[in-house]
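Below: one structure in structure tokens.
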Amino acid sequence: MRTQVAIIGAGPSGLLLGQLLHKAGIDAVILERQTGDYVLSRIRAGILEQVCIDLMDEAGVGQRMHKEGLVHGGIDLLFKGQRHRIDMNQLTGGKNVMVYGQTELTRDLMEARAAAGLSTVYQATNVQVHDFDGKNPRVTYEKNGQTHEIHCDFIAGCDGFHGVCRASAPRSAIREYEKVYPFGWLGLLSDTPPVHDELIYANSPRGFALCSQRSHTRSRYYLQVPLTDKVEDWSDEAFWQELRLRLDPEARAKLVTGPSIEKSIAPLRSFVTEPLRFGRMFLAGDAGHIVPPTGAKGLNLAATDVKYLYNGLVEYYQDKSEAGIDRYSELALKRIWKAERFSWWFTSLMHRFPGEGEIAQKFQEAELDYLIHSEAGARTIAENYVGLPLDFGQ
């Protein structure tokens with residue numbers, strides 16, 4: 001088989017890149033080791049920056065997002081038992097975020113790809129990338145007991161943290177940075193109305209909590225828990241009781257509980273790979289970086305990676321210029337490190353760290369008090385949360 005771009009991974013970044021390339025008349029094949037149903041079953045992020053929203057529109061798949069997504073112009077910070085609103089819309093000159101689950105975004109992209117008759121190979125096993133350091137890269141995979149080969153111009157590694165693409169980069173040419181946090185997030189999804197019409201980020205002596213949502217009738221809640229905890233240690237009743245203890249009295253009174261649809265514990269890490277280009281293979285999304293979910297940056301960073309890579313590939317095919325793909329890694333990493341910094345800072349501000357004692361909580365509360373009473377401080381949170389401009393600092 002011959003294609004222009006071989007995309008490894010049918011998560012949001014791979015599907016979005018494939019859809020954008022299709023709109024630009026560039027041929028791409030997507031390989032995915034899991035089934036489509038498995039991809040859709042993964043419960044992930046739900047906060048979209050404007051850049052991500054614009055990309056969905058550019059890809060021609062934003063109709064349902066605009067119909068069902070919830071536009072949010074602010075967030076609440078809860079500390080010392082009181083909530084304080086950060087008016088992101090006012091502080092950023094009218095910018096907002098949108099609540100729209102990653103599962104729904106992925107579904108929109110999958111359905112658009114299927115409707116266009118584009119090639120996606122699910123359950124592709126033993127995927128291997130070859131010769132990406134030259135001009136004729138290729139990808140091999142196995143399906144139904146047979147080995148297949150794809151010849152291409154470029155390989156886009158959108159296959160996540162554990163994927164084959166980053167693992168195939170020469171160790172002498174790659175550098176990886178990592179910080180592992182000493183706690184995880186216990187998440188619960190329920191068909192209950194959200195406790196508040198915007199997100200609540202809670203700094204509590206008992207640990208961090210987040211009240212989020214997927215719709216007017218579906219809520220997503222998180223609790224900071226020790227890494228030693230297991231999901232089976234937490235009954236629904238125990239989760240709701242602990243969440244109540246970390247909320248303010250008003251939110252506690254409005255909390256509607258119900259059976260969990262999904263419950264899981266996610267570890268938190270900051271991780272960046274440098275560079276993001278190895279010859280004719282590029283890394284995008286979780287293949288190149290991981291952020292703690294506190295800043296809601298994971299999906300959005302993947303989308304901006306795709307934007308930079310897509311622009312470079314269009315420039316290559318339409319203008320016969322390699323300037324865009326040559327700058328891809330540099331441009332993407334500048335934005336990645338800014339988002340990594342914000343996610344690390346926000347995580348450090350809102351969570352209890354083992355062994356730091358009561359003085360650490362006092363430091364956090366003093367900083368939070370400064371942030372909500374300083375317009376400059378509040379703007380720092382707001383402009384980072386809604387997403388820095390694509391050309392910021394370029």
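Name the residues whose placed amide hydrogens come within less than 5 Å of the amide hydrogen of Gln213, ignoring near sequence neighbours (fewer than 5 apart) on the same chain.
Here Arg220 satisfy the definition.
A follow-up question, please. What list of ³J(HN,Hα) values in whole Hz, one per residue of region 70-86 in order, does the Karplus curve 6.51 cos²θ - 1.76 cosθ + 1.60 (θ = phi - 60°) give from phi, with Gly and Pro shown as x?
Karplus values, whole Hz, x for Gly and Pro: 10, 7, 10, x, x, 9, 9, 9, 10, 8, 6, x, 10, 9, 9, 8, 9.
Helix 102-115 versus the longest principal axis of the chain: what angle, 0 to 90°, nearest 10, using Cα atoms?
For 102-115 against the chain, the angle is about 30 degrees.
What is the chain's relative contact order, in percent, from Cα pairs under 8 angstrom and six or more apart in sequence?
Details: 787 pairs, mean separation 79.8, N = 394.
The value is 20 percent.
Please identify, among Ala59, Ala115, Ala202, the residue showing maximal mean-square fluctuation in a Gaussian network model of the chain using a 10 angstrom Cα cutoff.
Largest GNM mean-square fluctuation: Ala115.
Strictly over 20 Å apart at the Cα level, which of Lys230/Lys297; Lys23/Lys307; Lys23/Lys143; Lys95/Lys362; Lys23/Lys297; Lys80/Lys263 would you flag in this model?
Values: Lys230/Lys297 26 Å; Lys23/Lys307 13 Å; Lys23/Lys143 28 Å; Lys95/Lys362 32 Å; Lys23/Lys297 26 Å; Lys80/Lys263 28 Å.
Cα-Cα > 20 Å for Lys230/Lys297; Lys23/Lys143; Lys95/Lys362; Lys23/Lys297; Lys80/Lys263; rest within.
Measure nothing but the geometry: give the 0 to 90° angle between the long axis through the Cα atoms of 323-350 and the longest principal axis through the Cα atoms of the chain, rounded to 10°.
For helix 323-350, the angle is close to 20 degrees.
Moving on. Before anything else, pin down the relative contact order of region 144-249: Cα pairs under 8 Å, at least 6 apart, normalised by residue count, whole percent.
Details: 110 pairs, mean separation 24.4, N = 106.
In percent, rounded to a whole number, it is 23.
Moving to a separate point now. Along the principal axes of its C-alpha atoms, what lengths does region 256-374 span, in descending order and rounded to whole Å?
Principal-axis extents of the Cα atoms in region 256-374, largest first: 59, 39, 27 Å.
Rounded to the nearest 20 Debye, what is the dipole magnitude of the chain about its Cα centre when Lys and Arg each give +1 and Asp and Glu each give -1 at the C-beta? Display every interim value, and only then the final one.
Values: 44 positive and 50 negative charges, 38 e Å.
With Lys and Arg at +1 and Asp and Glu at -1, about 180 debye.
Charges on Cβ only, +1 for Lys and Arg, -1 for Asp and Glu, centred on the Cα centroid of region 91-210; of Gly184, Ala124, Leu91, which one is farthest towards the dipole's positive end?
Gly184
Now for a different question. Note the angle between two axes, namely the Cα long axis of helix 357-373 and the longest principal axis of the Cα atoms of the chain, as a number of degrees from 0 to 90, rounded to the nearest 10.
80
I'd like the antiparallel share, as a percent to the nearest 5, of DSSP beta bridges with both residues in the chain. Show your work: numbers first, answer last.
Numbers: 53 of 71 bridges.
Antiparallel: roughly 75 percent of the beta bridges in the chain.
What does the helix-only formula give at 222 nm for the chain: each DSSP H stretch with n ≥ 4 adding -39500 (n - 2.57), the total divided by the residues, and the result rounded to the nearest 500 deg cm²/dmol?
Details: 13 runs with 152 residues, N = 394.
Only helices count here, giving -12000 deg cm²/dmol.
Using the Cα centre as the reference, give the magnitude of the dipole from point charges on the C-beta atoms of region 1-155 (Lys, Arg: +1; Asp, Glu: -1; all else neutral), rounded to the nearest 20 debye.
Taking the Cα centre of region 1-155 as origin, the dipole is about 360 debye.
Only Cα pairs within less than 10 Å get springs; with that Gaussian network setup on the chain, which residue of Asp319, Asp191, Asp57 has the largest fluctuation?
So, out of Asp319, Asp191, Asp57, the one fluctuating most is Asp319.
For the chain, modelled as a GNM with alpha-carbon contacts under 10 angstrom, which of Ala251, Ala296, Ala339 fluctuates the most?
Highest fluctuation among the options: Ala251.
Let me ask another. Could you work out how far the C-alpha centroid of region 86-137 sits from that of region 261-325, in angstrom?
Rounded to whole Å, the Cα centres lie 10 Å apart.
Select one label from [x] 0.98; [y] 0.95; [z] 1.22: the one whose number is Rg/Rh (Cα atoms, Kirkwood Rh) as derived from the coordinates shown.
Read-out taken from this structure: [x].
We did not get these values from a lab; they are worked out from the coordinates using the rules stated. Quick caveat: nothing in here was measured; it's all calculated off a predicted structure. Neighbour counts are summed over all protein chains in view; Cβ atoms, including those assigned to glycine, are modelled from backbone coordinates with ideal geometry.
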